Amino acid sequence: MNRPALQETTVLPEVREETVLVALAGQPNVGKSTLFNLLTGLHQHVGNWPGKTVERKEGLFTYGGVSYRLVDLPGTYSLTANSPEEVIAREFILQEQPDVVIAVVDAATLERSLYLVAELLALPAPVVVALNMMDVARQEGMEIEPEVLQAALGVPVVPMIATRGEGIQALLETVARVARGEVPYSPRLPQVREDHRPVLEELERWIEGYVPTPYPQDWVALKLLEGDPEVTRMVREALPPERWERAHALLRAHDDAQVAVASGRYEWIGRMVRAAVRRPRVGQIGLTERLDRWATHPIFGLAILAFILGAVFWLTYTVGSPLQDLLETYVVGTLAEGIRALLTPIAPEWLVALLAEGVVGGVGAVLTFLPILVLFFAALAFLEDVGYMARAAYVMDSVMHLMGLHGKSFLPLFLGFGCNVPAILGTRVIESHRARLLTILLAPLVPCTARLAVIAFLAPAFFGRAALAVSWGLILLSILVLAATGAILNRVLFQGRRSAFIMELPLYHLPNWRTIGLSVWQRSLSFIRKAGTVILTVSVVIWALSTLPGGEVEGSYLAQVGRWLEPVGRLAGMDWRLTVALLSSFIAKENSIATLGVLFRAGEEGLTDLLASVYSPAVGLAYLVVQTLFVPCVATVGVIRQETNSWRWTLFNTGLLLVVSFLAGIGVYQAARLIG
């Protein structure tokens with residue numbers, strides 16, 4: 001295993017003036033994130049691109065005494081303006097003019113990966129091809145000669161296995177030499193199909209002298225021929241009317257030009273692959289195909305998916321719950337007692353109560369289910385990294401069709417088990433506007449980790465050893481409600497229309513534990529920050545409202561609000577405290593635990609014991625049902641508004657979830673009373 005690159009790659013605290021700008025480009029599932037995390041480690045910044053909701057990741061590292069700024073461009077299959085990701089990637093290269101572009105390609109699916117390389121080579125920035133997943137290619141019976149591919153492309157090609165750190169040293173050395181201008185760079189570009197080359201030349205003559213800086217004239221002409229909407233708009237605004245009419249007439253006369261451009265690229269890709277790749281023998285079956293015989297089977301595939309989900313939740317309970325109990329007993333309880341013992345002799349009584357009950361009792365109760373979240377984040381990152389998630393979407397296609405959706409909708413919905421916000425943002429992979437809107441409306445019905453953590457915290461209090469079965473039932477209920485709601489909405493709002501399903505199944509590969517660890521770290525850190533900001537604020541506010549004006553919970557302002565809403569909650573067996581806890585979960589789902597911790601003044605005696613002594617299992621089950629199906633957190637509602645660009649759909653979704661959750665809670669409570 002080659003580790004020297006990791007030893008030489010360090011992070012600088014700030015960017016120096018001589019920093020080399022490197023862009024990291026690649027299609028989805030080629031190991032781009034693995035390489036980015038390997039180089040930048042924890043020292044990376046994650047935000048959004050200006051004016052976009054697309055994630056932007058940057059990091060710093062040094063090599064050979066030189067500082068490098070690495071920008072991870074969005075994963076995209078091409079550079080045509082069909083999505084925000086594609087526009088962002090090409091505009092960054094054109095506008096920022098990076099010193100080097102690292103094009104990460106999957107060696108096992110070279111034909112597909114080279115399409116993006118064909119477009120990158122047409123841009124002015126020098127390209128280094130990182131030929132990743134060489135081990136997966138060998139596993140599939142393929143033999144690739146990097147030197148031959150380099151000669152055919154005319155640009156540096158570096159074989160590597162990012163998951164093992166192999167080839168990183170050679171990649172960094174090549175990037176450094178290209179940035180210094182020490183490597184000959186003469187890319188062999190794909191050509192437009194021969195019958196359209198005169199058209200491209202004539203188009204260049206019409207736009208000559210009018211192309212805005214910094215766009216290359218030949219690239220703009222090619223994009224016009226390709227029918228790129230953004231470039232077409234830009235040229236139409238830049239050209240004099242008579243020139244635009246001539247150019248536009250030429251484009252109208254050759255409306256098959258897009259096919260001619262794509263054909264030229266595929267012909268070029270074919271030459272590259274024939275030169276550098278030796279295929280497996282006819283009839284030889286690779287590991288991915290052998291595994292997919294089971295993983296994508298219409299029956300066994302569903303059974304495997306159910307088993308995997310069950311294993312994830314089983315692991316969460318058997319390992320996470322004992323750790324949660326330890327944190328609650330020895331950390332939160334001890335800290336609250338220590339604050340009382342330390343401050344009672346010297347501080348006002350209200351300040352001691354605020355810190356011990358409002359801060360520690362609220363935020364501490366939430367932080368106790370961090371082990372559960374970490375386990376779930378790790379399991380989700382593992383499934384994503386090895387390539388299983390696409391198989392889950394594939395086998396769920398027939399189930400999703402019952403709601404008028406397809407398997408691609410399963411991916412963002414499954415992400416909802418982690419958090420509903422990225423689930424809704426993930427619906428951008430769905431091309432159909434109808435299917436995307438329906439998926440957005442259904443995504444909040446998937447119980448996120450925050451809701452699952454609330455279930456994991458409360459279910460043992462009400463049901464003891466039966467907590468696992470109850471939790472499974474709640475998850476199953478949410479899925480059944482999601483399916484029924486989807487089928488009804490599709491029939492009522494969209495006249496029962498269905499969408500076609502086309503998606504890529506990436507090859508299986510070994511997990512990169514560093515990438516998984518960083519993913520878990522970033523998600524957990526985000527949760528801790530939320531606990532230290534939003535949840536802390538809500539906990540203090542809830543404590544103040546539950547204390548003022550007289551210092552007693554029963555006569556507090558919060559009790560007055562809760563009793564005003566109590567008639568609605570009583571239909572589902574919930575008193576004013578449970579109703580208030582439910583409402584506070586609109587800020588963040590974890591707030592329901594924090595609120596109950598404050599309202600019950602949970603101290604030495606655990607909150608779970610207090611709840612079990614106050615509420616019957618019927619009430620506990622009804623509350624958990626309502627909480628599972630309730631309106632999502634305010635961040636999710638904001639993202640729904642952003643992605644639908646409609647307050648009408650946002651309010652419709654909120655009202656729908658309110659009705660569905662309370663009807664389900666009332667039904668469960670009344671049924672439990674009759675049975676009991």
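FYI, it's all coordinate maths here, none of it is from the lab. Source: prediction; values computed, not measured. Glycine also receives a Cβ, built like all others from the backbone with ideal geometry; neighbour counts cover every protein chain displayed.
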What FRET efficiency comes out for the pair L658/F494, r = Cβ-Cβ distance, R0 = 22 Å, nearest 0.05?
0.50
Apply the Karplus curve 6.51 cos²θ - 1.76 cosθ + 1.60, θ = phi - 60°, to the phi angles in segment 229-244 and return the couplings in whole Hz, x for Gly and Pro.
x, 5, 5, 4, 5, 4, 5, 4, 6, 8, 7, x, x, 5, 5, 4
When all alpha-carbon pairs of segment 194-278 are counted, what percent fall beyond 18 Å?
44 percent
Determine the sum of side-chain charges near G301: Lys and Arg each +1, Asp and Glu each -1, restricted to other residues whose C-beta is under 11 angstrom from that of G301.
0
Mean Cα-pair separation over length for segment 194-278, i.e. relative contact order, pairs under 8 Å, 6 or more apart, %
31 percent
Measuring from centroid to centroid over Cα atoms, what is the spacing of segment 191-246 and segment 446-481 in Å?
58 Å
Output the Cα-based Rg and Dmax of segment 4-179 in Å, rounding Rg to one decimal and Dmax to a whole number.
15.2, 46
Which value, in debye to the nearest 20, gives the size of the charge dipole of segment 4-179 about its Cα centre, when Lys and Arg are +1 and Asp and Glu are -1 at the Cβ?
260 debye
Averaged across orientations, what area in nm² does the convex hull of the alpha carbons in segment 73-131 project?
3.7 nm²
How charged is the neighbourhood of I455? Take every other residue with its Cβ under 14 Å from the Cβ of I455, and add Lys/Arg as +1 and Asp/Glu as -1.
+1
